[in-house]
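The block underneath contains the structure these notes are about, expressed in structure tokens.
The values are calculated or read from the model by the stated rules, or taken from the named source; none is laboratory data. All values reported here derive from a predicted model rather than from experimental measurement. Every residue, glycine among them, receives a Cβ derived from its backbone with ideal geometry; neighbour counts consider all protein chains shown.
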Amino acid sequence: MIGPPGAGKGTQAKELAGLLELAHVSTGDLFRDNIRAGSALGKRVEEILASGALVPDAVTIELVRERLRAQDCVRGAILDGFPRTLPQAEALGVLLAEAGDKINLAPYIKVSDQVLVERLTGRRTDRRTGKIYHVKYNPPPAGADLEQRPDDAEHTVRRRIAEYYANTAPLLEYFRAAGVLQEFDGELAIGDVLKLIVTAARERLAA
């Protein structure tokens, strides 16, 4: 699943995995699960994150490699948050080829910058309950004690979007050249986007 922050790729990935009966593989979840389990890789990730650095591609790739060996990935998996960079995509191609597998579809959820900024800057969290709302799409109840996450401030959101495009442009070309990239309008209703991706995925899997 490919898409900028606020495109809804995480939501789509979970729904898609359920409908297609495939494993949902999220790198964020992998980091947290390995840290909780106290695995060797988890300890390395924890040390890296604690230092404020980004997790190196080699470590992320190794975590994904181990996850894809699990029994629930035998039929396939929906990758959420990986690959994020061209080196990660190339490494993924190698490890899949070693197992006789390949990427069938790389859905790119496209959303305008204006809509992304509106979606992300409008998010609010209730300090008391931890529930997340949106001032426009999912208004909080009266009396909610709201706060905006620092990374949802507009200047930060715009920087995140710019960084995303800088890292992802080569990734899009890589999957386009491989013939697996397909664009979807992420400004449609969530259910409509899901239907389009499901249809495309089923066609690819049946081919």
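Filtering segment 128-183 down to residues that are of a type in the set (D, E) and touching a residue at least 12 places away in the same chain (Cβ under 8 Å), which residue is farthest from A106 (Cα to Cα)? Among those that are of a type in the set (D, E) and touching a residue at least 12 places away in the same chain (Cβ under 8 Å), it is D145.
Matching residues to (1) surrounded by 20 or more Cβ atoms within 10 Å (Cβ to Cβ); (2) touching a Leu at 6+ places or on another chain (Cβ under 6 Å); (3) in contact (Cβ under 8 Å) with a residue 60 or more places away in the chain; (4) of a type in the set (A, V, I, L, M, F, W, C):
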position	(1), (2), (3), (4)
T11	no, no, yes, no
L16	yes, no, yes, yes
D29	no, no, no, no
I35	no, no, no, yes
E46	no, no, no, no
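Among the residues of segment 103-159, those identified as β-branched (V, I, T) and in contact with a Gly (Cβ under 7 Å, 6 or more places away or on another chain) are I109, V111, V135. Only one of the listed residues (A144, A206, A166) is small (G, A, S) and modelled with pLDDT of 90 or more. That residue is A144. Only residues that are in contact with a Leu (Cβ under 8 Å, 6 or more places away or on another chain) and not β-branched (V, I, T) were counted in segment 48-72, giving 6. Of all residues in segment 70-89, those that are under 19 Å from A58 (Cα atoms) and not hydroxyl-bearing (S, T, Y) total 10. Just to be sure, is T168 under 30 Å from R204 (Cα atoms), surrounded by 13 or more Cβ atoms within 10 Å (Cβ to Cβ) and out of contact with any Gly (no Cβ under 7 Å at 6 or more places or on another chain)? Yes.
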